[in-house]
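Participant: Structure provided below as structure tokens; questions to follow.
Just so it is clear, none of the values below were taken in a lab; they were calculated from the coordinates. None of the values given here were measured: they were computed from a predicted structure. Here the Cβ positions follow ideal geometry from the backbone for every residue, glycine too, while neighbour counts run over all protein chains shown.
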Amino acid sequence: MMKEEKGKYKYGMVIDLDKCSGCGTCMVACASENNVSVRADESDKERSITWMQLFKITNGKPFPDTEVSYFPRPCMHCHHHTPCVSVCPATATRIDYNTGIVSQIYTRCIGCRYCQAACPYHARYFNWWDGYGLAKPFSKGLERALSPEVSVRMRGVVEKCSFCHHRLMSAKSKAYAEGRREIREDEYIPACAEACPTQAITFGDLNNPRHKVSQLIKSPRAFRLLERLGTEPKVYYLSSKSWVRKMADNYLPNQFQQVTKAMT
Amino acid sequence: MDSPLISEDVKRCSAWKFFFWSLPWLALLAYGGVSAFLCLFMGLNQTNMSNIFAFALWIVFDLSVIALGAGAFFTGFLTYIIGRTELKDIINAAVIVGFICYSGAVAMLGIDLGQPLRAWFIFWHANVHSMLTEVSFCITAYLGVLTIEYLPLILENRKASEVRDFRLFGHNLHHIMAVFAATGTFLSFFHQGSLGGMFGVLFARPFASRWEFYIWPTTFFLFILSSVAAGPSFTILCSKLAELFTRKKLVPDNVVQLLAKISGWLLAVYMVLKIADTLAWVYGIVPKAGLTFMDFYRQGPYGVWLVGAEIIVFGIIPAIILLTPKARQSSGLLILGCLMNCAGIVLNRFIFVVVTLAIPVMPFDRFWSYLPTWQEWGVALTIIGYGFLLFSASYRYLPVFPKEKELNPAIYS
């Protein structure tokens with residue numbers, strides 16, 4: 001069993017599903033920011049790479065009672081016994097307890113895909129093909145759209161959401177240059193949170209009581225995905241609809257009411 | 001043509017006949033070679049694996065052949081450590097089958113990796129918390145042990161033994177074989193167990209997750225037990241197959257009966273523990289995750305029949321056959337019992353690999369299906385061609401079955 005350390009920072013995300021319109025801007029912003037590889041035909045969704053993925057859910061009721069909601073799903077950056085980190089044989093994925101961020105070391109990944117088997121959120125993606133921009137004659141100029149901040153991935157390795165870790169690095173460098181020891185709350189925000197047109201995504205340090213995220217997670221509307229498995233995700237969701245909250249985890253008959261009662 | 005390589009004591013078919021016998025297996029090898037080349041050159045997009053089915057046909061094959069190859073270490077353990085010397089009549093066959101299974105599995109794993117050239121990173125950047133690290137270390141070391149166990153047999157070849165140093169080296173290796181048998185047993189216990197542990201530790205996948213005893217989930221112990229239960233059965237099947245094709249009796253009946261009895265007992269013990277483990281899972285792990293037993297068996301073709309097939313049809317029934325002296329003395333029932341035992345272990349590995357990944361954990365996630373491509377089948381089936389070739393070449397050129405002459409007086413009179 002890996003030791004869980006208490007770090008200074010614990011970055012996390014809160015996604016307000018009541019505000020999410022399912023527009024998909026977060027997915028596009030994420031893919032663009034992180035040089036996520038694309039192919040001419042992306043119809044095979046089992047092999048598409050979407051660090052941030054939008055799941056559509058409905059309450060299953062017929063019209064006119066039908067209700068729809070969306071689950072934007074980045075990597076959960078599980079804090080307890082991170083399932084993918086503990087299984088990686090080559091230490092190619094690590095959790096930094098000082099930031100809480102689960103990272104992927106592309107040049108060390110051997111492509112065994114055990115981490116994908118361990119992750120119940122399907123947050124990990126394998127590069128089934130060569131990435132664009134790697135082989136120039138075939139890249140058709142796509143390499144000009146690449147961000148210089150994020151390394152492209154080679155074929156045969158696993159990748160996933162990094163909470164835009166490079167943005168943390170930039171913010172820290174800027175703070176250092178300005179003679180500050182700490183970065184401000186608004187200085188480090190992942191691309192998805194920045195791009196969301198309804199401001200449904202909030203990001204910050206869960207350890208810092210002044211940060212908005214640490215206040216939001218105390219809301220009775222707050223819950224996490226598959227919380228009962230004990231992975232301690234650092235991505236929280238907010239919803240006022242109980243059917244949405246119920247959809248986030250597995251419950252035995254009548255168990256959901258008991259769990260919700262115990263929480264409130 | 002190749003007669004100088006064949007021992008003068010035994011009778012073997014003509015070189016031409018052997019060549020034609022090898023052709024279909026060579027064709028299978030060529031098919032696998034093309035498939036492997038495509039997977040290595042073009043990438044794993046040649047398969048039907050996906051981000052959902054990260055493990056698929058190859059891992060099922062790997063886990064199955066490694067379990068079936070357990071006959072090598074277990075027969076070695078019984079022969080050299082427990083002292084059942086009569087098993088020396090089958091140990092060579094067991095070692096060759098083990099070598100085929102392990103070397104085939106390692107080669108297949110090399111193709112299964114997204115970055116095969118980085119395979120050594122497992123040793124260099126080893127994560128001691130990962131069951132897969134333990135598997136990699138033990139399998140690599142054990143393949144070395146199997147090579148050492150195979151070596152004296154190769155050095156006993158007519159031409160090789162003409163070289164004095166080879167003969168002496170082989171002879172000396174024979175004397176210290178108990179050391180390697182013990183090492184092999186130790187390594188095998190750990191990697192067979194860790195292969196089970198790999199799935200039992202997936203605590204975020206309630207279908208595979210199991211209780212942990214210290215650091216080992218129950219699947220760790222169940223995989224060891226099921227592999228030693230099925231391994232001897234597979235050794236029996238291979239020797240029976242060799243007898244069928246050579247039209248000779250190669251292994252004494254008492255040896256086969258002893259192995260079958262041991263296989264039956266171990267299978268029976270495994271079944272008791274497997275049932276206990278399944279109950280503990282159904283009433284412990286499953287409700288804790290907010291699920292019921294039947295929730296897992298509503299997806300696609302994976303119905304509750306899987307449990308019945310694994311435990312009753314391919315578990316309890318072969319155990320009864322192998323444990324009933326009258327049944328196992330009948331050649332047909334013995335083969336049926338061994339076949340069902342081996343099928344049971346393959347089904348068990350399939351369930352842990354494919355069904356675990358097929359069942360979604362998030363309630364709003366959907367079920368995905370998977371069928372292997374011809375390239376995946378090519379790489380997987382090659383191991384069969386390779387196995388037939390290596391086993392028949394060993395039978396032709398090496399003294400695999402020490403009792404061959406004694407058991408076939410009609411041919412060698």
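Participant: Could you list which residues have their amide H under 5 Å from that of B:GLN115, counting only those 5 or more apart in sequence or on another chain, with H placed in the peptide plane?
Facilitator: Hits under the 5 Å cutoff: A:GLY111.
Participant: Magnitude of the Cβ-charge dipole of region A:155-236, K/R +1 and D/E -1, about the Cα centre, nearest 20 debye? Could you put the intermediate results ahead of the total?
Facilitator: Working: 15 positive and 10 negative charges, 27 e Å.
The calculated dipole for region A:155-236 is roughly 140 debye.
Participant: Now for a different question. In whole angstrom, and with the biggest value first, how far do the Cα coordinates of region B:84-202 range along each principal axis?
Facilitator: The principal-axis extents, from largest down, are 51, 34, 21 Å.
Participant: Over region B:42-148, with a single point scatterer placed on each C-alpha, what log10 of the ratio I(q)/I(0) does the Debye formula yield at q = 0.23 1/Å?
Facilitator: So the normalised log intensities are -1.27.
Participant: If you put +1 on each Lys and Arg Cβ and -1 on each Asp and Glu Cβ, how big is the dipole of region B:197-311 around its Cα centre, in Debye rounded to 20?
Facilitator: Values: 10 positive and 6 negative charges, 60 e Å.
For region B:197-311, the charge dipole is close to 280 debye.
Participant: Another question, if that's okay. Please average, across the residues of B:122-132, the number of beta carbons from any other chain that are within 10 Å of each residue's own beta carbon, and give a whole number. Provide the component values of the computation, followed by the final result.
Facilitator: Working: counts 7, 2, 3, 8, 3, 11, 3, 9, 11, 4, 7.
The mean count of partner-chain Cβ atoms within 10 Å per residue comes to 6.
Participant: Counting pairwise Cα distances across region B:161-275, what percent come out greater than 18 angstrom?
Facilitator: That tail contains 67 percent of the Cα-Cα pairs.
Participant: I would also like to ask the following. In Å, the Kirkwood hydrodynamic radius of the protein assembly as shown over pairs of distinct alpha carbons?
Facilitator: On the way: mean 1/r = 0.0364 Å⁻¹.
This gives a value of 27.5 Å.
Participant: Principal axis extents for region B:75-137, Cα atoms only, whole Å, descending order, please.
Facilitator: Its Cα atoms span 45, 24, 14 Å along the three principal axes.
Participant: Okay, next question. As a test of the definition: which semi-axes, in Å, follow for region B:261-413 when you take the square root of five times each eigenvalue of its alpha carbon gyration tensor? Largest first, please.
Facilitator: Details: eigenvalues 311, 109, 25 Å².
Whole-Å semi-axes of the equivalent ellipsoid: 39, 23, 11.
Participant: Regarding region B:349-407, what's the average projected area of the Cα-atom convex hull, expressed in nm²?
Facilitator: 6.8
Participant: What distance in nm separates the simple spin-label points at B:TRP265 and A:ASP18, each placed 7 Å from Cα in the Cβ direction?
Facilitator: It is 6.8 nm.
Participant: Provide the gained length on full extension for the span A:THR198 to A:LYS6, in nm with one decimal, where the gain is 0.36 nm per separating residue minus the Cα-Cα distance.
Facilitator: Roughly 65.8 nm would be gained on extension.
Participant: Using only the Cα atoms of chain A, what are the Rg and Dmax in Å?
Facilitator: According to the Cα coordinates of chain A, Rg and Dmax are 18.9, 61 Å.
Participant: Which one of A:GLN258, B:ASN51, B:TYR302 has its Cα pushed farthest toward the positive end of the charge dipole of the protein assembly as shown, where Lys and Arg give +1 and Asp and Glu give -1 at the Cβ?
Facilitator: Farthest towards the positive end: A:GLN258.
Participant: Projecting each Cα onto the charge dipole of region B:214-315 (Lys/Arg +1, Asp/Glu -1 at the beta carbon, about the Cα centre), which of B:ILE224, B:ALA276, B:LEU291 comes out farthest on the positive side?
Facilitator: Of the options given, the answer is B:ILE224.
Participant: Right, here's the next one. If you take the C-alpha gyration tensor of region B:218-276, multiply each eigenvalue by 5 and take the square root, what semi-axes do you get, largest first, in whole Å?
Facilitator: Ellipsoid half-lengths, sorted descending, are 28, 11, 7 Å.
Participant: Something else: Fewest Cβ neighbours within 10 Å first, please rank B:GLU86, A:GLU232 accordingly.
Facilitator: Final ranking by Cβ density, sparse to dense: B:GLU86, A:GLU232.
Participant: Calculate, axis by axis, the spread of Cα positions in region A:74-231 along the three principal axes, and write the results as whole Å, longest axis first.
Facilitator: 50, 41, 31
Participant: Ok, one more. List the residues whose amide H sits under 5 Å from the amide H of A:SER162, counting only those 5 or more places along or on another chain, with H placed 1.01 Å from N in the peptide plane.
Facilitator: Long-range HN contacts for A:SER162: none found.
Participant: Does anyone have the angle between helix A:165-177 and the longest principal axis of chain A? Alpha-carbon axes, 0 to 90°, nearest 10?
Facilitator: Helix A:165-177 and the main axis of chain A meet at about 80 degrees.
Participant: Give the Rg/Rh ratio for region A:2-50, taking Rg as the radius of gyration of the Cα atoms and Rh as the Kirkwood radius, to two decimals.
Facilitator: 1.12
Participant: Cα centroids of region B:347-377 and region A:18-55: how far apart, whole angstrom?
Facilitator: Region B:347-377 and region A:18-55 have Cα centres spaced 23 Å from each other.
Participant: Let me ask something else about it. Report, in deg cm²/dmol and to the nearest 500, the calculated mean residue ellipticity at 222 nm for the protein assembly as shown, where each DSSP H run with n ≥ 4 adds -39500 (n - 2.57) and the sum is divided by the residue count. Don't jump to the answer; show the numbers that get you there.
Facilitator: Working: 25 runs with 318 residues, N = 677.
Roughly -15000 deg cm²/dmol at 222 nm, from the helical runs in the protein assembly as shown.
Participant: Pop the C-beta distance of A:LYS56 and B:ASP253 into the FRET formula with R0 = 45 Å and round what comes out to the nearest 0.05.
Facilitator: 0.10
Participant: Compute the acute angle (0 to 90°) between the alpha-carbon long axis of helix B:57-68 and the principal axis of greatest extent of the alpha-carbon atoms of chain B; round to the nearest 10°.
Facilitator: Around 50 degrees separate the two axes.
Participant: Where the centroid of each part is defined by its Cα atoms, how far is region B:46-60 from region B:248-282 in Å?
Facilitator: Computed from Cα coordinates, the inter-centre distance equals 31 Å.
Participant: Moving to a separate point now. What FRET efficiency, computed as 1/(1 + (r/R0)^6) with R0 = 41 Å and r the Cβ-Cβ distance, is obtained for B:SER413 and B:ALA27, rounded to the nearest 0.05? Mind showing how you got there, number by number?
Facilitator: Details: r = 38 Å, r/R0 = 0.92.
Computed FRET efficiency for B:SER413 and B:ALA27 comes out at 0.60.
Participant: Give me the log10 of I(q) over I(0) for region B:3-407 at q = 0.08, 0.10, 0.15 Å⁻¹, as the Debye formula computes it from C-alpha points; what are the numbers?
Facilitator: For region B:3-407 at q = 0.08, 0.10, 0.15 Å⁻¹, log10 I(q)/I(0) is -0.44, -0.70, -1.52.
Participant: Quick one: compute the contact order of chain A, relative version, from alpha carbon pairs under 8 angstrom and 6+ residues apart, as a percent. If you can, show how the numbers build up before the last one.
Facilitator: Working: 456 pairs, mean separation 70.9, N = 264.
Worked out over chain A, it gives 27 percent.
Participant: I need A:CYS88, A:CYS20 ordered by Cβ neighbour count within 10 Å, fewest first.
Facilitator: Going from least to most buried by this count: A:CYS20, A:CYS88.
Participant: What number, in nm² with one decimal, is the all-direction average of the projected area of the convex hull of the alpha-carbon atoms of region A:37-92?
Facilitator: 6.8
Participant: About the Cα centre of region B:133-250, how large is the charge dipole given +1 on each Lys and Arg Cβ and -1 on each Asp and Glu Cβ? Please answer in debye to the nearest 20. Could you put the intermediate results ahead of the total?
Facilitator: Numbers: 10 positive and 7 negative charges, 103 e Å.
Dipole about the Cα centre, nearest 20: 500 debye.
Participant: If eta is 1.002 mPa s and T is 20 °C, what Stokes-Einstein diffusion coefficient results for region B:134-196, Kirkwood Rh from Cα pairs, in µm²/s?
Facilitator: Numbers: Rh = 12.6 Å.
This corresponds to a translational diffusion coefficient of 171 µm²/s.
Participant: A further question follows. Put +1 on the Cβ of every Lys and Arg and -1 on every Asp and Glu Cβ in region B:3-407; which of B:VAL10, B:ALA160, B:TRP21 then has its Cα farthest towards the positive end of the dipole?
Facilitator: Checked the options; the winner is B:VAL10.
Participant: Starting from the Cα of B:LEU40, step 7 Å toward the Cβ, then list every residue of region B:379-403 with an amide N under 16 Å from that point.
Facilitator: Of the residues in region B:379-403, B:379-380, B:382-383 have backbone N under 16 Å from the label point off B:LEU40.
Participant: Would you pull out the residues with amide H under 5 Å of A:VAL38's amide H, same chain only if 5 or more places away, H placed 1.01 Å from N?
Facilitator: Long-range HN contacts for A:VAL38: A:TYR132.
Participant: Using r as the Cβ-Cβ distance of B:ASP9 and B:TRP124, and R0 as 41 Å, what FRET efficiency do you calculate, to the nearest 0.05?
Facilitator: 0.25
Participant: In whole Å, how far is the Cα centre of region B:380-413 from that of region B:165-203?
Facilitator: Using only Cα atoms, the two centres lie 23 Å from each other.
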